[in-house]
Amino acid sequence: MTLAIILSALAMTAIVALRYLAASGLFAFATTCVHPGLYARSGRQIRREIGWSLLSAAIYGIPAGVVAWAWQERGWTLIYTDWAAYPLWYLPLSLILYLLAHDTWFYWTHRWMHRPRPFRMAHAVHHASRPPTAWAAMSFHPIEAVTGAVVIPALVFVIPVHVAVLALVLAVMTVMGVINHVGWEILPRALLRSRLGKWLITASHHQRHHEQYTCNYGLYFRVWDRLCGTDQGISETLAHADPANPGAT
Ligand SMILES: [Zn+2]
Ligand SMILES: [Zn+2]
């Protein structure tokens, strides 16, 4: 049993690491095409971002591996594979519930990590990326990585989820983590300025967090930032650096 759990954790670590390298590598490559030279002076920083991210991948892999084993071998989780087990409308609802729950957890743990002691001990590692690159998506101190690694594995014991929706949640988590740090706005200006766009977190929104530190703490949605008065809009430098998105808020 112990060996099975260890093997499962190792497999999950490898998957998380490869997923990170593929997603960050893809967006880093896109950056060299769309904004050549944007990362030109970030070589040392990128090597550090990759190092911390691969360490985080190992930390993410442990609870993920335990949960994968618990699901496969013991059936303890609420992950299901039968499409008929719940009504079809529950599929999008479960996706939204997972993203909202993850966003809520992230917002409040992130705010906590900006208190002086946890910031010095852990979160400073993430903010050492100035400005961040696509490789900073998982660049966290191990303490911070633990707070991020436990949330989805805990949710699968609380909120029923189809395995395909769970895969989608993990894909959104991975891609958004990269997009938020890529250093240029990927979303079209029309979407950013739309009603929906004003509730979504994008590169320009999270960039402002890396510039100002004390605002824009969210992960996917601006709901908590708006409710708690910590939303400062999007980064002016990023908006002005991109002619496709001049000064949108
Ligand atoms: Zn960040
Ligand atoms: Zn922060």
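Taken over the range 180-203, residues that are modelled with pLDDT under 90, assigned to a helix (DSSP H, G or I) and closer than 19 Å to His35 by Cα amount to 1. Right, Ser94: in contact with a Ser or Thr (Cβ under 9 Å, 6 or more places away or on another chain), closer than 30 Å to Phe27 by Cα and among the hydroxyl-bearing types (Ser, Thr, Tyr) or not? In short, no.
Condition check ((1) more than 25 Å from Ile46 (Cα to Cα); (2) in contact with a strand residue (DSSP E or B) (Cβ under 9 Å, 6 or more places away or on another chain); (3) surrounded by fewer than 17 Cβ atoms within 10 Å (Cβ to Cβ)) across all residues:
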site: Ala85; (1), (2), (3): yes, yes, yes
site: His102; (1), (2), (3): yes, no, no
site: Trp108; (1), (2), (3): yes, no, yes
site: Arg115; (1), (2), (3): yes, no, yes
site: Arg130; (1), (2), (3): no, no, yes
site: Glu144; (1), (2), (3): no, no, no
site: Thr147; (1), (2), (3): no, no, no
site: Leu155; (1), (2), (3): yes, yes, no
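Hey, does the range 99-121 have a residue that's within 16 Å of ligand 1 (Cβ to nearest atom), aliphatic (A, V, I, L, M), out of contact with any Asp or Glu (no Cβ under 8 Å at 6 or more places or on another chain) and part of a helix (DSSP H, G or I)? No, because not a single residue in the range 99-121 is within 16 Å of ligand 1 (Cβ to nearest atom), aliphatic (A, V, I, L, M), out of contact with any Asp or Glu (no Cβ under 8 Å at 6 or more places or on another chain) and part of a helix (DSSP H, G or I).
Okay, residues lined up against (1) basic (Lys, Arg); (2) in contact with a Gly (Cβ under 6 Å, 6 or more places away or on another chain):
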position	(1), (2)
Tyr39	no, no
Arg74	yes, no
Ala84	no, no
Leu88	no, no
Leu100	no, no
Tyr107	no, yes
Arg115	yes, no
Met121	no, no
Val125	no, no
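With the structure loaded, tell me whether Tyr220 is modelled with pLDDT of 90 or more, more than 22 Å from Thr31 (Cα to Cα) and touching a Phe, Trp or Tyr at 6+ places or on another chain (Cβ under 9 Å) or whether it fails that test. It is false that Tyr220 is modelled with pLDDT of 90 or more, more than 22 Å from Thr31 (Cα to Cα) and touching a Phe, Trp or Tyr at 6+ places or on another chain (Cβ under 9 Å).
The values are calculated or read from the model by the stated rules, or taken from the named source; none is laboratory data. Bear in mind that the values here come from a model prediction, so they are computed numbers and not experimental data. Positions of Cβ are backbone-derived with ideal geometry, glycine not excepted, and every protein chain shown enters the neighbour counts.
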